[in-house]
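Asker: Just dropping this structure here.
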Amino acid sequence: MSQEAVVVDPMAFVREGRRVDRRLSVASLPRLATEVAGDGGDFAIRLEGFRDEGGKSFLLVEVDGRAPLICQRCLEPMEWVCRVRARLLLVPVGQSIPEDELEDDSYDAVEVGSRQDLLALAEDEILLALPVVPRHEVCDAPLESRGASKESPFAGLARLRSGKDPA
């Protein structure tokens, strides 16, 4: 089930100072759904167009939500809390980004065409915020399975080298 797109002329969206508020499930965000552990979780997304004092066109992207991930330390499910606040400088296709603007870390420049799906931009920001290695703040490594003793592979090599029988 994919969410209905919000396809607009992004420059007109900014000029008119428009705003979109949506509540989306993880399942409705197809690229994100492949990265999380299940389809539970949802996100409140706010997109707002504005111009700064210099007349530059920006899109404010705010995302608050939760999604299930698997902890890479204990391999148990965990809830990931997402909070994104991003300012995107909208640059029309074919226009170059001035070098001095590339050094400003308060926003990211995004090339946009005359039609842009704003929810896809919000999904991009969520994907960028995903932890590379999800893990709980505090957890233990998985326990060995019952009855199995873990032998160092080097111990087996030492027995072979010394000619001792492993039995």
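The values are calculated or read from the model by the stated rules, or taken from the named source; none is laboratory data. Quick caveat, the model's predicted, so the values are computed rather than measured. Positions of Cβ are generated from backbone atoms using ideal geometry, with glycine treated the same way; all protein chains shown enter the neighbour counts. Just the protein is used for accessible areas: all its heavy atoms, side chains included, with ligands, DNA and RNA removed. Shrake-Rupley method; radii C 1.70, N 1.55, O 1.52, S 1.80 Å.
Asker: Across the range 125-167, what is the number of residues that are among the charged types (D, E, K, R), surrounded by 14 or more Cβ atoms within 10 Å (Cβ to Cβ) and modelled with pLDDT under 95?
Answerer: Total satisfying the criteria: 1.
Asker: Right, another one. Answer yes if at least one residue in the range 44-56 is β-branched (Val, Ile, Thr), part of a strand (DSSP E or B), in contact with a Lys or Arg (Cβ under 9 Å, 6 or more places away or on another chain) and open to solvent by less than 40 Å² (accessible area, probe 1.4 Å), and no otherwise. So that I can check it myself, show each step before the final result.
Answerer: Step one: filter the range 44-56 for residues β-branched (Val, Ile, Thr), giving 45.
From the residues that got through so far, the ones that are part of a strand (DSSP E or B) too are 45.
If we keep only those that are in contact with a Lys or Arg (Cβ under 9 Å, 6 or more places away or on another chain) too, we end up with 45.
If we keep only those that are open to solvent by less than 40 Å² (accessible area, probe 1.4 Å) too, we end up with 45.
Checking the range 44-56: at least one residue is β-branched (Val, Ile, Thr), part of a strand (DSSP E or B), in contact with a Lys or Arg (Cβ under 9 Å, 6 or more places away or on another chain) and open to solvent by less than 40 Å² (accessible area, probe 1.4 Å).
Asker: Scan the range 1-38 for residues that are assigned to a loop (DSSP other than H, G, I, E, B), under 17 Å from Ala120 (Cβ atoms), at pLDDT 90 or above and among the acidic types (Asp, Glu) and jot them down.
Answerer: Asp9, Glu35
Asker: Moving to a separate point now. Restricting the search to the range 85-130, which residues are farther than 14 Å from Val8 by Cβ, part of a helix (DSSP H, G or I) and hydrophobic (A, V, I, L, M, F, W, C)?
Answerer: Matches in the range 85-130: Leu102, Ile126, Leu127, Leu128, Ala129.
Asker: Tally the residues that are within 16 Å of Val133 (Cα to Cα), open to solvent by less than 40 Å² (accessible area, probe 1.4 Å) and assigned to a strand (DSSP E or B), restricting the search to the range 57-84.
Answerer: 6
Asker: Same structure, new question: Among the residues of the range 6-27, how many are closer than 22 Å to Val112 by Cβ and either without any contact (Cβ under 8 Å) to a residue 24 or more places away in the chain or not basic (Lys, Arg) (or both)?
Answerer: Our first condition is that a residue be closer than 22 Å to Val112 by Cβ; within the range 6-27, this holds for 6-22, 24.
Those left that are additionally either without any contact (Cβ under 8 Å) to a residue 24 or more places away in the chain or not basic (Lys, Arg) (or both): 6-14, 16-17, 20-21, 24.
Adding up the residues that qualify gives 14.
Asker: Considering only residues of the range 40-62 that are within 15 Å of the chain's Cα centre (by Cα) and of a type in the set (Asp, Glu), which is modelled with the highest pLDDT?
Answerer: If we filter the range 40-62 for residues that are within 15 Å of the chain's Cα centre (by Cα), which is where we start, we get 41-45, 61-62.
Retained after the next criterion (residues that are of a type in the set (Asp, Glu)): 42, 62.
On the way: Asp42: 94, Glu62: 97.
Restricting to residues being within 15 Å of the chain's Cα centre (by Cα) and of a type in the set (Asp, Glu), the top hit is Glu62.
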